[in-house]
1. Round to a whole number: what % of the accessible area of the chain belongs to carbon and sulfur, probe 1.4 Å?
2. What whole-number value in Å² describes the accessible area per residue of the chain for a 1.4 Å probe?
3. Helix-only mean residue ellipticity at 222 nm, the chain, DSSP H runs n ≥ 4 weighted -39,500 (n - 2.57), per residue, nearest 500. What is it?
4. Could you give the size of the charge dipole of the chain about its Cα centre, using +1 on the Cβ of each K and R and -1 on the Cβ of each D and E, expressed in debye and rounded to the nearest 20?
5. With a cap of 14 neighbouring Cβ atoms within 10 Å, and only residues DSSP puts in a loop, list the trypsin sites (Lys or Arg not before Pro) found in segment 53-124.
6. Tell me the label-point distance for the pair Tyr205, Val268, using the 7 Å Cα-to-Cβ offset, in nm and rounded to one decimal.
7. What is the extension gain from Arg123 to Ser24, computed as 0.36 nm multiplied by their sequence separation minus the C-alpha to C-alpha distance, in nm to one decimal?
8. Compute the acute angle (0 to 90°) between the alpha-carbon long axis of helix 145-160 and the principal axis of greatest extent of the alpha-carbon atoms of the chain; round to the nearest 10°.
Amino acid sequence: MEHSGHGMTMDLPPFTLGRGLQWSADPFFLVACVAGIGLYAWGVVRLRRRGDSWSAGRTVSFVVGVLTIMLVMCTALNDYGMVMFSVHMVQHMVISMLSPILILLGAPMTLALRALPAAGRGRKGPRELLLMLLHSRYMRIVTHAGFTIPLFIASLYALYFTPIFDFLMGSKAGHLAMMVHFLAVGMLFFWPIIGVDPGPNRPGYLMRMLELFAGMPFHAFFGIALMMASQPMVKTFENPPASLGIDALSDQSAAGGIAWAFSEIPSVLVLIALLFQWYGSEQRQAKRKDRAADRDGDQELAAYNAYLASLDARGR
C-alpha cells in the first residue's frame, strides 16, 4: 500500500466478487463485532438459564446485522473501498442502512436490561446506568426527528461534496472514523422509526413512516447527482490505480446507482417491519381491551348476584 497526496492507493488486481470476499480484517471492527455477538449470546444464555424466553428471530436478526458489518469491513471489500468509489458506496450503504435495521430489530438494549442484574436499592450498576442513558435528555435530543433527519442527509452531501471526505480518506484512522460515523448515524436515524428497544422518542406508526420517507428521497437525489455528473466529483477516486482497469467516471456512475438503489431496499424492509409492528400493537391493544371488558363483566355479574342474594335474605 502506498499513500498518495489526497488519499491511500493500493496495487490491487481488477475487482471481482470472489476477490472482494477474501478475508482482510480491520482489527477494530473485527474485535467490536466478535464482542457484540459474544455479549448478545451471553444475554440470551443468561435468560434461558433462569427460564425466560428470548425470540429466536431477534437473535438471528442481530447476528446477521453484525455479520453484514464484518462482510464490508473484514474482507477485501474494505481494501477495494479505499480506491473504488462503487465498492466504497456498497460499504457505506450496508453499514449505514442495512446493518442498523437488522441490529435494531434484534433489540440489544432490551436484552441487556433483562439480562443485567439489578444493583440493589440506592446503588447504580450497569443496568441502572443504561436505563438512565436511554431516558436521558441527551438521548431525547439525538433521537428526535429534528436531529436525526438533517444528520442523515448531511452525512451524504456535507461529507462527499466537501474536502472533509478526502481528508478522512487520507488515513486508515480517518476511514475508520468515517465508517463508525456512518453506523452511528444509521442507528440514530432508524431507532425511533423501527427500534423495539425502550427510548425517549417513540412517535406513532404513521409518524414513523413519515420520518422514513422524509430521509430516503435525499439518498435517491444523491445517487442521481453522482450518475449524471460529467466529471469525477470526489477527488479521492478521480485517479484509480491502473491495475484495476476502471474508468473513474464509470465507477462514480456505478456508485450513484448503488446509492439510488439502496434508498429503495431499506425503505421496503422498514415499511414491512413497521406494518408488522403496527399490526402486533393493535392485536395487543385489542386483547387488553377484551381482558378489561371481561373483568368489568365479571364485576357486574358478581354485584348482581350479591344484590339478588341480599333480596333473598330480606325475603327470608
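1. 66 percent
2. The answer is 52 Å² per residue.
3. Result for the chain, helices only: -23000 deg cm²/dmol.
4. Working: 25 positive and 20 negative charges, 381 e Å.
It comes to approximately 1840 debye.
5. Sparse-neighbourhood loop trypsin sites (Lys or Arg not before Pro): Arg121, Arg123, Lys124.
6. Between Tyr205 and Val268, the label points sit 2.1 nm apart.
7. Full extension of this stretch gives 31.2 nm more.
8. Roughly 10 degrees between the two axes.
The values are calculated or read from the model by the stated rules, or taken from the named source; none is laboratory data. Since we're looking at a predicted model, the values are computed, not measured. Glycine also receives a Cβ, built like all others from the backbone with ideal geometry; neighbour counts cover every protein chain displayed. Heavy atoms of the whole protein, side chains included, go into the accessibility calculation; ligands, DNA and RNA do not. Shrake-Rupley method; radii C 1.70, N 1.55, O 1.52, S 1.80 Å.
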